[in-house]
1. Give, as a single signed number, the net charge of other residues whose beta carbon lies under 9 Å from the beta carbon of SER137, with Lys and Arg counted +1 and Asp and Glu -1.
2. Per residue of the stretch 71-83, what does 6.51 cos²θ - 1.76 cosθ + 1.60 with θ = phi - 60° give for ³J(HN,Hα)? Whole Hz please, x for Gly and Pro, Karplus curve as stated.
3. Can you work out ³J(HN,Hα) from phi for every residue in the stretch 186-201, in order, using Karplus 6.51 cos²θ - 1.76 cosθ + 1.60 and θ = phi - 60°, giving whole Hz and x for Gly and Pro?
4. Calculate the radius of gyration of the Cα atoms of the stretch 159-222 to one decimal place, then report Dmax, the largest Cα-Cα distance, as a whole number, both in Å.
Amino acid sequence: MKKFLFNLIVGILAFGLCSCESTLKVTSTTKGAKFGFDAKLGSVFQDTIKSISQNVEGESSNEIAFEAEEIQQELEKAGFKNPKVFAHGISSLSITIDSERKNMDPVNTSGFVSYGNEKTAIAENGAGSKVHEIILSNESLKAMYNQLPVVFKSYLDLFGAPVFSGEEMTDQEYIEMIACVYGQSLADEIAASELKVCLDNGKAISVPLVKLLNLENEIRIN
């Protein structure tokens, strides 16, 4: 897969965007947390990727695949800690990333995760860090977005997500915008997609993708 398509796919997929089925698992570690992201792409989005590849790069659709090694290298350059990437063609993508409570990695500095009292955590389970909650807010998502490489942000902008652009619109207006640009089938697929966030305390919540892309109210998962 050529560089243009690689950057396009990574940008769109960053943190679960445009995935028909996606799960973010958050596990406490002795120093912070491990994040595991798994995404399965819907058939319409896969066809969109193939179409872009054929129209822009002239590649055969049979040759399209996520470049796991390149994605991993780009995440490392952006400051993400110990990224591991696994891919199966363009149908699925899995990424794991570590974050340290006292480090300056993008996940920690974005305010995306908060930890409980360190002394209490040590007393309860011998660990110095315990994930207290995941915070999905305009501030935390924008902070994460701002720490991505410029090319990632450029391609994320292709989907005009209000949470990043700051534009005010209803969820329905956003779906209609996607339909106008990319077609009703892809808009319908995005409208039906969810991100499931799971914590190691057993708490799990599913957030509609449109609600995440057009986030109005802060979502706290604890």
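Since every read-out is calculated from the coordinates, none of them should be taken as a lab result. These numbers come from a predicted model, not from an experiment. Virtual Cβ from ideal backbone geometry, glycine too; neighbours counted across all protein chains shown.
1. Here the count lands on 0.
2. 4, 4, 5, 5, 5, 5, 4, 7, x, 6, 8, 6, x
3. Whole-Hz 3J(HN,Hα) from phi for the stretch 186-201: 5, 4, 5, 5, 5, 4, 8, 8, 9, 10, 9, 9, 10, 9, 6, 8.
4. 13.1, 42
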